[in-house]
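Report on the following structure.
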Amino acid sequence: MAQSKKAEFTKNDIVLAEIAKALSHPARIKILKILNELNSCMVGSIVDLLPLSQSTVSQHLKELKRVGLVQGEIEGPKICYCINPKVLQKAMTEFNKLFSQVCKC
């Protein structure tokens, strides 16, 4: 069985790869756009704006939350989601560093 080589990479590289993986679905991109526009949002409101079921939207939110791009706050029986600005800013900084190094042709 293949052995994981994650230990060979920096923590920042691993985190950036996880964020890139979380961003690799168009529904997650759309969810981030919705959250950015509305500032915070209940799952039901997000579902109303997407052609996806509530359970599918919840799974996408779970993945975005796993990498820290969104955070959820329990409000009664519902969860209100919003973008985590600290994680988003760090991700943007790391992506900018990555591409400023890569694009020196």
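The values are calculated or read from the model by the stated rules, or taken from the named source; none is laboratory data. What you see is a predicted model; the values in this text were computed from it and never measured. Note that we place each Cβ from the backbone using ideal geometry, even for glycine, and neighbour counts take in every protein chain shown. For accessibility, only protein heavy atoms count, side chains too; no ligands or nucleic acids. Shrake-Rupley method; radii C 1.70, N 1.55, O 1.52, S 1.80 Å.
Using the alpha-carbon atoms, what tilt in degrees (0 to 90, nearest 10) does helix 11-22 show relative to the longest principal axis of the chain? Compared with the principal axis, the helix lies near 40 degrees. Taking all protein chains into account, the per residue accessible area for the chain stands at 72 Å² (1.4 Å probe). Packing-based ranking of 25-31, 85-91 yields 25-31, 85-91, ordered from highest to lowest mean Cβ neighbour count within 10 Å.
Ranked by accessible surface with a 1.4 Å probe, highest first, in what order do Phe95, Phe9 come?
Numbers: Phe95 50, Phe9 125 Å².
Descending order: Phe9, Phe95.
A cut-off under 14 angstrom between Cβ atoms defines the neighbours of Lys30, and their net charge, with Lys, Arg +1 and Asp, Glu -1, is -1.
For Leu32, Leu64, give me the order by solvent-accessible area with a 1.4 Å probe, most accessible first, ignoring ligands, DNA and RNA.
From most accessible down to least: Leu32, Leu64.
Taking amide H positions as modeled 1.01 Å from N, with prolines and chain starts lacking one, the residues under 5 Å from Ile79 and 5 or more places away or on another chain are Val43.
Split the accessible area of the range 28-78 by element, probe 1.4 Å, and carbon with sulfur accounts for 50%.
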